Every structure is written in structure tokens, then in C-alpha cells.
1. From zero up to wherever the largest Cα-Cα distance of the range A:1-152 sits, split into 10 Å bins and tell me the percent of pairs in each.
2. Per residue, what volume in Å³ does the convex hull of the Cα atoms of chain B enclose?
3. What value does the range A:117-239 have for Rg/Rh, both radii from Cα atoms and Rh as Kirkwood defines it?
4. For the pair residue B:285 and residue B:71, how long in nm is the line joining their label points, each one 7 Å along Cα→Cβ?
5. For the range A:90-154, I need the span (max minus min coordinate) of the C-alpha atoms along each principal axis, in Å, sorted largest to smallest.
6. If exposed chymotrypsin sites (Phe, Trp or Tyr not before Pro) are those in a DSSP loop with at most 15 other Cβ within 10 Å, what is the longest stretch of chain B that has none?
7. If amide hydrogens are placed 1.01 Å from N in the peptide plane, which non-local residues have theirs closer than 5 Å to the one on residue A:21?
8. Round to a whole number: what % of the accessible area of chain B belongs to carbon and sulfur, probe 1.4 Å?
Amino acid sequence: MKTLVLKDLHKGFGEGTVLKGVGLEVDRGEIVAILGVSGAGKSTLLRIIAGLEVPDQGQVWIGGELATSGRRLLLPPHRRGIGFIFQNLGLWEHMTVEEHLAFVLRARSKTVDQARIRSTLEFLGLSAHAKRKPFQLSGGERQRLALARALVEEPELLLLDEPFSNLDLPRKKKLHREFLRIREEKHPAILYVTHDPLDVKLMADQVVVLHEGRIIQQGPLEALLGAPSHPIVKELLEI
Amino acid sequence: MRGLRLGSWVYLGLVLGFPLAALLWHFPEIQPGLEAFLSRAFRNTLLVASGTALLSLLIGSGAAFVLAKISLPGTRLLSLLLVTPIFFVPYQMALAWDALLPSGLNAWLFSPAGVIGVLTSSFSPVVFWFAWIAFKAVPPEEEEAGLMTAPPGTVFRRITLTKVYPALLAGTFLVFILAFTELGVPTYLGVPVLPYEVLIQFSTLYDFRAAVAASWPMAALGVLLLFLEYRLFRKSLLFYQRAGKPQGLIFSPSPAVKAVLLLSLLLLVFVFLFLPLSALVKEAASFRALKFALKNGLPSLLRGLFYATVAGFLSALWALAVFYSRKGKGHSLMSGLALAGLFLPPAVLATGILYFWNQGVLSLLYGTFGLLILGYLARYSFFSYRSLETAFEHLDPSAWEAALFTGHGPLAILRHILFPQVRSWFFLAWMLVFIFSVNELGLSTMLYPPEGEPLVVRLYTLSVNNPLSHSAALALLHSVGTLLGVALLYSGGFR
Ligand SMILES: Nc1ncnc2c1ncn2[C@@H]1O[C@H](COP(=O)(O)OP(=O)(O)O)[C@@H](O)[C@H]1O
Ligand SMILES: [Mg+2]
């Protein structure tokens, strides 16, 4: 069973059409990079998968369950088993690091599994900052808090909207390694948006190129570089 | 810079510090009327103020949430219509409802419940305004991140509400104060309240001491509230910067629920605005009434607009000076004093002002409109203080610092670099003080100069022994004047 299946998604805002029939399948444990010029509709696509937005037409299947059908939201965001990392993180500025994780866990059960919080913080090197609020964290720590919040529930699917932009190279490489480790240990499917060919080279199994509302090419990096179907594919992927 | 700093302290001293000191100085000769604490008037005042505050909180914040967070058609127009009642003197609303309700229902209107209803229609826009800005300032991403793990109800309680509640409380507090010090509406509707008792002692019995004694419970409560505000809500910014457009499906009820919400908002606008306004128009729409209003009201309308314009300008200027010369110490003392002016009952303020300006050379001002303007400044300078404070918080310091390298003097920098950047806040301050001053009845009745009463006062005195149609025409005249003034200031500040 596929972790995620998208069928013929269409979406417009007012006048313009952003998505014009997008289909995609992602397996468990698979890492997929989405590329496209800015304004191509990458964020919109992730938001539709997460259930934060509905398409005008098309379907979203998550773990074999029909989650969105046309404009109908059949499964609300919090019941989709998705971890989402927003481009600007969307940390809860009024909560401490551990309150972030506790809030996520409490939404599921009455008792909060403290051991789970501790191990997640440990996993991401945030244990020393458990009592701090976001504004007391450095840029990299904020990024890891967003990651911890998305991971504490062990989601089947991780959606990352440009998680690597605004990071220096060492930190970027470290984050790449973290994602690969997460994949080894917990096997979620990971779908991420990026602009940087380096991100693709270092951690993607599959590349999806979104252009003018459609997926114009899809496959492993080497395949795309070997036989680009459109000049823009080369532009986006070549260093 | 030194001069500016000194000047802004002198301003505050003359406007608030010395009058309040004079009040304390005369403390021994004033018998605190303890019985007033227990009197019916005091209980009525409390009842009216807390009822109005609670109802305004419910209605204002509910409407603000819907308009700020749920995508509905016509939200801009609806928001504008919902804040509009703040432009009218509450007293007008009482007149309008009196004209509107059949005599059978009038018993309900002429009671504390009626006072609460009328005041809520006038003051809930304050809570609405605070809440709307606060809801807008909650970043949608934080709520969406919440939606990924919890249902909308939980997200609302734990994220949205947690962030906006200081603003909601601050707005509610302000409404409490406004209702607590309201004179016109309860008087018209025959509900005895403290501000009325104080006024009676003053103007009918000329009993200075009794008046101050009757205002002690109000002063005591004012100080208590001041303390509470200071302890609890000092951190809550009165003015937030706008942020974030409503996005995606954050709080997206079904179309049926949306329709119900939209209808309730329309109903609110209908009841709070269109119904009373149309009643006034209907009453006033006779040649005789209009003639009466123009003949009796025009000079005092112009006077009132003039007083309020001057007060608004002076207080905005003062706040600009305060923050332009901001290196000085004592900002918390300054904001505390300015806040005291807002929170103390007008009767107390007026008494202090009368005491202080009634001695020696100072009495040159006594009996002129200067005293009235001082009263407005004392009560409403807090608004301009907070507006300019916000303006300077949002200023990019590097633009200012870059200007310092040019070698221009401080005044040139103020004029060419700084003022253009804080201009809209300056006019917002001017506008706020203008609106509240032009509608201020409590201070005006006690401080207006002979032959120089503003229209609020005239409206109040003339409605006693004139037909309703005449008062309605005067009330409309007042609104038209106020709206014109606001429109002028708005076009000055936000062009
Ligand atoms: N809520 C919205 N309302 C109107 N237009 C939107 C909205 N969200 C996105 N868009 C438009 O859709 C297009 C795609 O946006 P987005 O998905 O954010 O692109 P990307 O993430 O690929 O840069 C853009 O032209 C953007 O302006
Ligand atoms: Mg994007």
C-alpha cells in the first residue's frame, strides 16, 4: 500500500490556475524532492496534502484512506498522521520547547508520555533547552524544534516546505544526515520542497519537477539529468 | 533635546501632576463620604459598568474573531460598520432607543438593563477594535501548525486565545472605565449613578465638598483598577502591528454555519447602528427641528470641534516630543500618570483641575476654554502616548541613525526623516483624542467656560425641556460634525 497517492489535482486562486492535474505516488520510506520555480505551486501542493487547503478537483489518498475528494475534506489535518514543517516554522512563541511536544501528544491521549518527549529532544539535541521558548533559541535550534514537533508523533508522512533554505552549509549537511537517520529508524515517507540541487543530490530517491501546474518529469536525479524533458529541468538541477 | 524632554514633563505636570496633587492637598478638608460606597448610586454604577464590560467582551470579541479569522464576504465593510458606533455620543443612542421603542417596552429601557444595552452598543466597538487587531496579529502558521495535531477547538483555546487574551482584557477594561464614568445615558434613562450625584452636588447645590466626597468611591475604584492594569496587563500592547491575511481553512465552518455567522453580524450592525440612526433621522426630519438644531447647535458644535481638535493636536505633539527625546528616564512614571488620567473618574479630574487652576496667577485660565482643553488632555493623553509609543517601536532605527550622519539639526531630522515615518500614528493619536474629547460629557459639564459650552453639553441640557425631535436633530448635527472632523484627520494621516 502506498503511503501517499495524489490523483489529478487541480487548484486555482481567483483568476489564475496553480495546479492543472497533478498525480503522484509515494512509498513508505521513500524520500521525494519537489522542485520548481517560485510560484510554481509547491507550497500549495503540500498544503493540499496536509489538508490545510482543498483542491478544486482531484483526490488525496493517505495510507489507503481517501482524505480529500474535490473540495470535500474527508479527513481533518490532525487525523492524517502527517508531520509538517512550515517554511517559516510556525513555532508557538508562547510555549516552551517541551510544551510544544506535550501539546502535540496531549491531542492524542489524556496522559503525556514524558519518556517520548525526552527521547525526541535527545534525538535532536534539544534536551538542554527543554524549558526555553522559541525566541531564546538559535536559528538551528528553532529548526530542530520544528522537526521535533513534527516527529514526536512518529508520522507516516513528513512534509517539509523548504526546510534547508536559510541554513549555512555545515548545518544543512547535518540536517540531511538527520533526515537520513530518521528514515533508517522510523521509515516515514518524506516529501520536501527545495531550490538547491545539493539537497537533491544528498538525500532524494526521487525528484519531481513541477512546472506550469503539471509534473513535467519525475525519477532519480541521474535519470533526469541524463535526459531532461524540458530546458527548465536542466536549469533547476544542474550546478 | 533637553528642552523637549523638559517640555514634555512640564506638560504632564500641568495637565495631570499638579491637579492631582492639589486634590490630595485638599484631602483633609474633604470628608470622605463613606456612605456613598454603600449607596444605591454606587451599586448601580458598578452594575452598569460590569454588565456593559461583560456584554461588550462577548459581542466585541466574538464579532472580531469571526471577521478576522473566518473568510466571509464583505468583511471590510462589516468591520467598518461595527466600529462606527464609537463615533456617536452614547447619549444619542439613548435618545434614539427612546424614540424607537413603543411605550410598552420603555420600562425595560429605563432601567439598569436598558443602560447596559445602550452602553454596550456604544462601547463594544472598543473591544471589537482591540480584539480584531489582536486576532489579526496571530500568525496563521502557528495556528496551522496546531491544526496538524489538534482539532480547531483546541487550537483556538491553546494557541489563538492564549495569544489574544491580554488585548481582549485590556479592551474590556477600557469599556468598564468608560461605562463606569458615563454620565449621559444613565441620567437620560433615569438610573441614578455616581457621576450624576457628583454633578448634582456641583451644579445644582454648588457643594464642592459634597461633590468630591461623592467622587471618592470612584477615585478609590479608579486607583484599584489602575493598579490592576499595571500588574496584569502592562505587557499587553494596546496597538499591535497588523499581520497575516486569513488563509486557507484555518477556522472554516460549513457554509450553513457561515451563513448564520454572517446573518448575526448583519443583525448586530442593524441593531447597533442602523436602527438607532434611522430613528434619529426619522425624528429629526422636520423643518422645524432642523432649524432649531442649526440655530441652537451650530455655534456650540463648532466650539466643541475646535476644543477637541486643539486637545488632540496638543497631546499628539506632546507624545511625539516624549518619544523623540526618548533617552530620558522615567517613561514608566510618565505612562503611569497618563494612564491615571484615563482611569480616574472625570469628576475627580475636574475637581483637581479646578482646585489647582483656581489660585494666584494661574487663575488667569479660570473661566476660559483653556481649562476644558486641559481636562481633555488630562483624560486622553494616554491614547496619544500609546500610539506614538507603538510608532517608535516599529521604526527602523538605522534610518534614524543614518540621518544623524548628515549633520542636520534635530528639528530638520524630525521634520524630514522622522515625522514622515510616524505620520499616520501621529494622526491616529490626534484622531483618537479628538473623538473621545468631542464626545466627553462628564468633564465638559464641569469645566466649560461661561457662554462657551460645546455641543455635547448643549445636547444634554436642551434635551431636558425640549421635544425629542429637537434633540434628535442636535444629535445628528453632532455626528455629522464629528464624522467630518474624523474624515479630515484621516485624510491628513493616511493619504
Ligand atoms: N491563499 C492564496 N490566495 C491567493 N493566491 C495564492 C494563495 N496561495 C498561493 N497563491 C498563489 O498561488 C501561486 C503558487 O503559490 P505557492 O504554492 O506558494 O508557490 P511556491 O511555493 O511554488 O513558490 C502563487 O502565484 C501564489 O501567489
Ligand atoms: Mg513556497
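The values are calculated or read from the model by the stated rules, or taken from the named source; none is laboratory data. The shown structure was predicted, so the numbers you read here are calculated from the model rather than taken from an experiment. FYI the Cβ positions are ideal-geometry reconstructions off the backbone, even for glycines, and counts take in every protein chain you see. All accessible areas refer to the heavy atoms of the entire protein, side chains included, with ligands and DNA or RNA removed. Shrake-Rupley method; radii C 1.70, N 1.55, O 1.52, S 1.80 Å.
1. Percent of Cα pairs in each bin: 10, 33, 31, 21, 4, 0.
2. Values: hull volume 82.0 nm³, N = 495.
Dividing the Cα hull volume of chain B by its residue count gives 166 Å³.
3. Values: Rg = 16.3 Å, Rh = 15.9 Å.
We get a ratio of 1.02 for the range A:117-239.
4. Modelled inter-label distance: 4.0 nm.
5. For the range A:90-154, the Cα spread along each principal axis is 31, 23, 18 Å.
6. On the way: sites that count: B:206, B:366, B:405, B:494.
Result for the longest clean stretch: B:1-205.
7. A:9, A:10, A:11
8. Values: 14730 of 21140 Å².
Here carbon and sulfur together make up 70 percent of the probe-accessible area.
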